[in-house]
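Worksheet for the structure shown next.
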Amino acid sequence: MAEWTLFEVFVRSKHGLNHKHVGSVHAADAEMALENARDLYTRRNEGVSIWVVPSAAITATASDEKEPFFDPSEDKIYRHASFYQLPKEVDQM
Amino acid sequence: MSQRNDLAEYLLRLGDSALVTGQRLCEWCGRAPALEEELALMNVGLDLIGQARGWYDYAAELLDDGRNADALAFKREERDFRNLLIVEQPNGDYAITTLKLFFYDAWHLPTLEQLSESSDERIAGVAGKALKEARYHFKRSSEWVIRLGDGTDESHRRISDAVDRLWRYTIEMVNIDPLEQELAKTGLAADPAFVAEQWQARVAKVFEEATLKLPEPAVPFYLNGRQGLHTEHLGQLLAEMQFLPRAYPDATW
Amino acid sequence: MYAQLVDTGVKRVKSLDEMTPEERAFQEKVDADIKIEPKNWMPEGYRRTLIRQISQHAHSEVVGMLPEGNWLTRAPSLKRKLQLMAKIQDEAGHGLYLYSAMETLGADRDEEIEKLHAGKVKYSSIFNYPTLNWADIGAIGWLVDGAAIVNQVALQRTSYGPYSRAMIRICKEESFHQRQGYDILLTMMREGNDAQKAMVQDAINRFWWPSLMMFGPHDADSPNSAQSMSWKIKRHTNDELRQRFLDQTVPQLEFLGCTAPDPDLKWNEKTGHYDFGPIDWAEFYAVIAGNGPCNRERLETRRNAIEDGQWVREAATAHAAKRAKKQTAA
């Protein structure tokens, strides 16, 4: 039986904009989970911010449902900047 | 000249306490109560031994007698070590280890707060970096004291026993050492009165939250780490730590 | 390797025709190098074998802290002490990365560790050898981590996503481990006295063969390899990896100015590889079966750590519950 709670860990790196999932830690409470995550996942100065979430609190898509779930967005290429070709003079936009 | 020697002496005190604490943490390797704690303890140890090196480097320059940081760490006798008595105490169970760290951290943090503003740039530099580390150490050890104090009956009993066992050594965190007081007047060292006051306040606050009974202030007794009057435990610790450099005095590693 | 003799529970690898539609879809994904993720369907054998392999790998990282820890309190300089602390700390971290990957398969870390402590599962044979002088710490970094890296680099491309990602992270972090070890030995050989040089040769003599054994039995004696390879939880055979390790290590050995305890070790022009003498498999199987030099001590230390720590973990849990209750009340 697991004695401590399993927490998923998300780290925002110095240059990264969003928190990224990096793995999990065991801890008795959220505060300890943050510290354990700090010691485990940012030993090499990898992060500026950490989130921890009890693993049980995460609802995930089943990867086998990948197609119905994500493919509908695949053809909406107009959501991506590269879809819009601008004249060279203003192409830095 | 005399102030130079006094300052070197002071740096050795800082370095020795950090090194001996780090050495005791090394003894936990592979034996911590959880894998997450292995990483945490080793992190603290890495910070402290790194700091010790910083203090020894500067002390070696001031002493200017051909010894370097390693010689200061590995070639001095126990009578020459200047660490606080609390840090040389055996690890015992996790309650003792936690409480040792906490008492030390509660002294170390205000000490570094002051040293980071030392009139000596070199000291301010080492302390400035160490201060960030010590803030985290203090936070961590405080939380553990609270967890153990206000955890289960067993943990409460164990940490209360640890308080009983270790309290006498806390005299060194609150007494006013003349050398440090002198150095503090010139803005070089931490003001012992400030550190004592901070230590007492921090310990009282954490003890209250941990539901631990705060003993009467400790009283001076025969031993004094700053004067090199240690418990018997330090000699054993040094014998192990210094074994290789002493067995092969001229060797490079 | 860190995971040796992992049983797949499979006698013979099924062909695509013999598979159920689910199994076939799974195998085709693996064949196409599409990563398998935790919520994907997977054959029960794949899941179980992975749990076994990853936990064995994780246990090895954790038990592997002990032989090095034996010299941590006696490291001969502040620099060496810091390096070794950082390395051992990484190993604890790598153990945790791997347990974390294993838990995505529905396994429970504490339960798997209990199995280890009950002697029901294995960890790498190499960590049952004693560290008897400081040069052993160098030899472990150079040879043992070197052998591990050869295996782990290959495993970065393993089919299971979380395992692969853990391997990528571990490989990135471990790049300094082997250098740290080699640097210890090189310093002792170049700047050391006769006693130090003798320590280095002694360490190599003792760790040479056990390092080669880390890759596991010869391919002909590895009945589980075929299934593991087809699932891509193993990417190269034991003999391939062993040869790769040897080929890269011998020049480093010569550069040190040391020798291997193998009279048959020599360069083979024809094959373009080093030939080496027979491995003492009786020793390997004895160590794996529990009769190595330090098996009992290693397990005892780990068991005591977890047992002695139980009241600590319970206290933390109890305190967290009290706090949560107070917060709800407030």
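The values are calculated or read from the model by the stated rules, or taken from the named source; none is laboratory data. It should be emphasised that the depicted structure is a prediction, and the values quoted were computed from it without experimental measurement. Backbone-built Cβ (ideal geometry, glycine too); neighbour counts: all protein chains shown. Heads up: the accessible areas ignore ligands, DNA and RNA and are worked out on the full protein's heavy atoms, side chains in. Shrake-Rupley method; radii C 1.70, N 1.55, O 1.52, S 1.80 Å.
Go over the candidates C:GLY146, C:GLY93 one by one and state the one that is at the interface with another protein chain (Cβ under 8 Å from one of its Cβ atoms) and either open to solvent by less than 10 Å² (accessible area, probe 1.4 Å) or under 28 Å from B:ASN91 (Cβ atoms) (or both).
C:GLY93 is the lone residue from the list that is at the interface with another protein chain (Cβ under 8 Å from one of its Cβ atoms) and either open to solvent by less than 10 Å² (accessible area, probe 1.4 Å) or under 28 Å from B:ASN91 (Cβ atoms) (or both).
Go through the range C:158-209 and count every residue that is part of a helix (DSSP H, G or I) and under 29 Å from B:ALA247 (Cα atoms).
Residues in the range C:158-209 being part of a helix (DSSP H, G or I) and under 29 Å from B:ALA247 (Cα atoms): 31 in total.
Looking at B:ASP6, B:ASP70 in this structure, which one is at the interface with chain C (Cβ under 10 Å from one of its Cβ atoms), of a type in the set (Asp, Glu), touching a residue at least 24 places away in the same chain (Cβ under 8 Å) and under 23 Å from B:GLY125 (Cα atoms)? Give the derivation first.
Numbers: B:ASP6 fails: at the interface with chain C (Cβ under 10 Å from one of its Cβ atoms).
Going through B:ASP6, B:ASP70 in turn, the sole match is B:ASP70.
Can you report the number of residues in the range C:98-126 which are more than 28 Å from C:ASP280 (Cβ to Cβ), open to solvent by 10 Å² or more (accessible area, probe 1.4 Å) and either basic (Lys, Arg) or within 11 Å of chain A (Cβ to nearest Cβ) (or both)?
Final tally of qualifying residues: 12.
Of the numbered conditions (1) surrounded by fewer than 19 Cβ atoms within 10 Å (Cβ to Cβ); (2) within 14 Å of another protein chain (Cβ to nearest Cβ); (3) at pLDDT 95 or above, C:LYS325 satisfies every one except a single condition; which is it?
It is condition (3) that C:LYS325 fails.
Checking the condition open to solvent by less than 70 Å² (accessible area, probe 1.4 Å), closer than 30 Å to C:PHE284 by Cα and of a type in the set (Ser, Thr, Tyr), which residue from C:THR8, C:THR20 passes?
Values: C:THR20 fails: closer than 30 Å to C:PHE284 by Cα.
Answer to the check: C:THR8.
Whether any residue in the range C:47-66 is of a type in the set (A, V, I, L, M, F, W, C), without any contact (Cβ under 8 Å) to a residue 60 or more places away in the chain and open to solvent by 40 Å² or more (accessible area, probe 1.4 Å) is what I want to check. Explain how you work it out, then say what you get.
Within the range C:47-66, the subset of a type in the set (A, V, I, L, M, F, W, C) is C:50-51, C:54, C:58, C:62-63, C:65-66.
Applying the additional criterion that residues be without any contact (Cβ under 8 Å) to a residue 60 or more places away in the chain yields C:58, C:65.
Now drop any that are not open to solvent by 40 Å² or more (accessible area, probe 1.4 Å), which leaves none.
No - not one qualifying residue is present in the range C:47-66.
Inspect the range B:138-153 for any residue being away from chain C (no Cβ under 14 Å) and aliphatic (A, V, I, L, M) and give the result as yes or no.
No, the range B:138-153 has no match at all.
Among the listed residues B:PHE207, B:PHE221, identify the single one that is among the aromatic types (Phe, Trp, Tyr), in contact (Cβ under 8 Å) with a residue 40 or more places away in the chain and either farther than 22 Å from B:ASP105 by Cα or exposed (fewer than 13 other Cβ atoms within 10 Å of the Cβ) (or both).
Answer to the check: B:PHE221.
Of everything in the range A:35-53 that's in a strand (DSSP E or B) and in contact with an Asp or Glu (Cβ under 8 Å, 6 or more places away or on another chain), which residue is surrounded by the fewest Cβ atoms within 10 Å (Cβ to Cβ)? So that I can check it myself, show each step before the final result.
At the first step, the residues of the range A:35-53 found to be in a strand (DSSP E or B) are A:49-53.
Checking the rest, the ones that are also in contact with an Asp or Glu (Cβ under 8 Å, 6 or more places away or on another chain) come to A:52-53.
Values: A:VAL52: 23, A:VAL53: 15.
Taking the candidates together, the pick is A:VAL53.
Pick from B:ALA52, B:ALA32: which is at the interface with chain C (Cβ under 9 Å from one of its Cβ atoms) and part of a loop (DSSP other than H, G, I, E, B)? Before the answer, list the steps.
Numbers: B:ALA52 fails: part of a loop (DSSP other than H, G, I, E, B).
It is B:ALA32.
So, restricting to helices (runs of 4 or more DSSP H) that lie completely within the range B:82-189, which ones have at least 3 residues that are open to solvent by 10 Å² or more (accessible area, probe 1.4 Å)?
In the range B:82-189, the matching helices (runs of 4 or more DSSP H) lie at B:94-115, B:121-149, B:153-166, B:178-185.
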